[in-house]
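The values are calculated or read from the model by the stated rules, or taken from the named source; none is laboratory data. A quick note: this is a predicted structure, and the numbers were derived from the prediction, not measured. Here the Cβ positions follow ideal geometry from the backbone for every residue, glycine too, while neighbour counts run over all protein chains shown.
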Amino acid sequence: MIRKISLAAVTAAMMMILAGPAHAGSYIIGGKVYYFSLNIEALIAKVTGKDLRDGTYIGAEVKITNADTACSNPQTHVINPGQGPAGTVSGTSPNINDGNLVKNDKVTGNVYQTTATIIDLVPAEQRLNPPAGICKETPGVAQWYPLFWQDKNCNKGAITNFGTTCYSDYAASDGYGGLTYVTGNFAGQPVTYNTSLADWTYIYLPTALKFKADLINSTTGVVSSIYGSCRFPLNPANGEPYSITNPPVGGWAAAPTYYECVAITADLY
């Protein structure tokens, strides 16, 4: 989505304007959280000393508090929004190096930029076996069923060397362990063309979350931390929040869509 989580560019993207306590000459001064799966982009100020710089990275934990999914009626394949489960996911950035330096002057000191990437929003065992209750569950023809989308080995933003586009065509279970397209050019056909079922997951789009981002040194441990609460902004096309049924222009794979975040204290995380 969040695959990061992962998306036309949003011109009203907001900086987090968060700051952690200065310690050991280094602290997190801000960044962005965006869906492309989920990514935590951080700016780190005053990372000094070769050992500290080379062994320092961002560790991010995200608590998803609200999420969309998509469901279908097997008789008509009408897509209907559902409620995705809450969950906690995590990821890290590479170690900071001189290539991450974005500003260096006598006033601000060194400022580095790096991104903690969270690749797997959905646990591996649930990708094609979503938890119960995310769609309307009643006996008979009123039953609704989860839909699936491709989120791996597909075109995503600047990554265009694959034959299919992430987060676009929807598929449903065929009842025999496979998937059948319900939207797109291959509607009604099995999911076999230029893709693998391992690249698919039930549709899961975090719409609200909390995060903790730690600046960590492999030798000295946590240097500083920031906490934030984030939601999707309004879609400029219609003034309503982004959602499964209200995607950005160009779809969820076009470019990162940023969440709007505010700082929170550790006790609210």
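A few comments on the model shown:
- Among (1) under 30 Å from LYS46 (Cβ atoms); (2) modelled with pLDDT under 90, the one test that PHE211 misses: (2)
- Only one of the listed residues (GLY251, GLY228, GLY184) is surrounded by 13 or more Cβ atoms within 10 Å (Cβ to Cβ), under 20 Å from the mean Cα position of the chain (by Cα) and part of a loop (DSSP other than H, G, I, E, B). That residue is GLY251.
- Between ILE64, ILE96, the distinction of being under 22 Å from ALA213 (Cβ atoms), buried (at least 16 other Cβ atoms within 10 Å of the Cβ) and modelled with pLDDT of 95 or more belongs to ILE64 only.
- Residues that are part of a strand (DSSP E or B) and either small (Gly, Ala, Ser) or surrounded by fewer than 21 Cβ atoms within 10 Å (Cβ to Cβ) (or both) within the range 254-269 comprise GLU260, VAL262, ALA263, listed in sequence order.
- Candidate set from the range 115-131 (those that are in a loop (DSSP other than H, G, I, E, B), of a type in the set (A, V, I, L, M) and modelled with pLDDT of 90 or more); member that is farthest from LYS32 (Cα to Cα): LEU128
- Meets criteria (under 14 Å from the mean Cα position of the chain (by Cα), polar (S, T, N, Q), under 30 Å from LEU179 (Cβ atoms) and surrounded by 18 or more Cβ atoms within 10 Å (Cβ to Cβ)) for THR117: yes
- Within the range 239-248, being in a loop (DSSP other than H, G, I, E, B), in contact with a strand residue (DSSP E or B) (Cβ under 7 Å, 6 or more places away or on another chain) and over 24 Å from ILE159 (Cβ atoms) holds for GLU240, THR245.
- Residue in the range 88-105 that is nearest to PRO206 (Cα to Cα), counting only those that are outside any loop (DSSP other than H, G, I, E, B) and of a type in the set (Ser, Thr, Tyr): THR88
- Residue check for TYR227: more than 22 Å from CYS166 (Cα to Cα), among the hydroxyl-bearing types (Ser, Thr, Tyr) and touching a helix residue (DSSP H, G or I) at 6+ places or on another chain (Cβ under 6 Å): yes
- Residue in the range 26-33 that is farther than 30 Å from ARG127 by Cβ, surrounded by 24 or more Cβ atoms within 10 Å (Cβ to Cβ) and modelled with pLDDT under 90 present: yes
- LYS136 being modelled with pLDDT under 95 and more than 27 Å from TYR227 (Cβ to Cβ): yes
- Candidate set: the range 37-83, residues that are within 17 Å of TRP252 (Cβ to Cβ) and β-branched (Val, Ile, Thr); chosen: the one farthest from the chain's Cα centre (by Cα): ILE79
- Taken over the range 196-225, residues that are surrounded by fewer than 20 Cβ atoms within 10 Å (Cβ to Cβ) and part of a loop (DSSP other than H, G, I, E, B) amount to 4.
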